[in-house]
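So the structure is just underneath, and the comments pick up after that.
The values are calculated or read from the model by the stated rules, or taken from the named source; none is laboratory data. If you're wondering where the values come from, they're calculated on a predicted model, not measured in any experiment. Heads up, the Cβs are rebuilt from the backbone with ideal geometry, glycines too, and the neighbour counts pull from every protein chain shown.
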Amino acid sequence: MARFMIVDDSIFQRKTLGKMIVQMGWEVVAEASNGREALERYPNSKPDLVLMDLVMPEMEGIEAVEKILELDKSAKIVVVSSMGYDEIVNKAMSLGARQFISKPVNLGHAANVIKTVLEEGI
């Protein structure tokens, strides 16, 4: 069973993604409302995949992506953002994020992206 961390300052987004994850037969092992919390919770939760919003208070997702990958070079991170595929998303991808899901999240598309990252090891 795949284990997930969901990082988003919107509780609605965390709950929506969490519900989809559980419906797919996976498990949410940690949630965080900003990058700082994600960085603190990552080592103990050991998720198979992190869903990371990019624009958040305290520590933005882009910095959290970089720091998590410094801790664990094999971390699988999928960025979730309303920004569209722009400079910040490009930076996240160049740092090592595996894929991008745009907001508002289409749950069918998100599930397919997540399956691809988990199964094919993108």
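When the range 57-70 is limited to residues that are closer than 20 Å to Lys15 by Cα and within 13 Å of the chain's Cα centre (by Cα), the one that is surrounded by the fewest Cβ atoms within 10 Å (Cβ to Cβ) turns out to be Glu60.
Looking at the range 40-48, can you tell me whether even one residue there is touching a strand residue (DSSP E or B) at 6+ places or on another chain (Cβ under 7 Å), assigned to a helix (DSSP H, G or I), of a type in the set (Gly, Ala, Ser) and touching a residue at least 40 places away in the same chain (Cβ under 8 Å)? Checked against the condition, which is being touching a strand residue (DSSP E or B) at 6+ places or on another chain (Cβ under 7 Å), assigned to a helix (DSSP H, G or I), of a type in the set (Gly, Ala, Ser) and touching a residue at least 40 places away in the same chain (Cβ under 8 Å), the range 40-48 yields at least one hit. Within the option set Val80, Val105, being part of a strand (DSSP E or B), touching a residue at least 40 places away in the same chain (Cβ under 8 Å) and within 13 Å of the chain's Cα centre (by Cα) holds for one residue only, Val80. Within the range 1-39, the set of residues being in contact with a Gly (Cβ under 6 Å, 6 or more places away or on another chain) and assigned to a helix (DSSP H, G or I) comprises Gly35 only.
When the range 43-55 is filtered for residues that are closer than 23 Å to Val22 by Cβ and more than 9 Å from the chain's Cα centre (by Cα), the ones remaining, listed by number, are Asn44, Ser45, Lys46, Pro47, Asp48. None of Glu58, Glu27, Glu120, Glu37 is modelled with pLDDT under 95, on the phi < 0 side of the Ramachandran plot and acidic (Asp, Glu) except Glu120.
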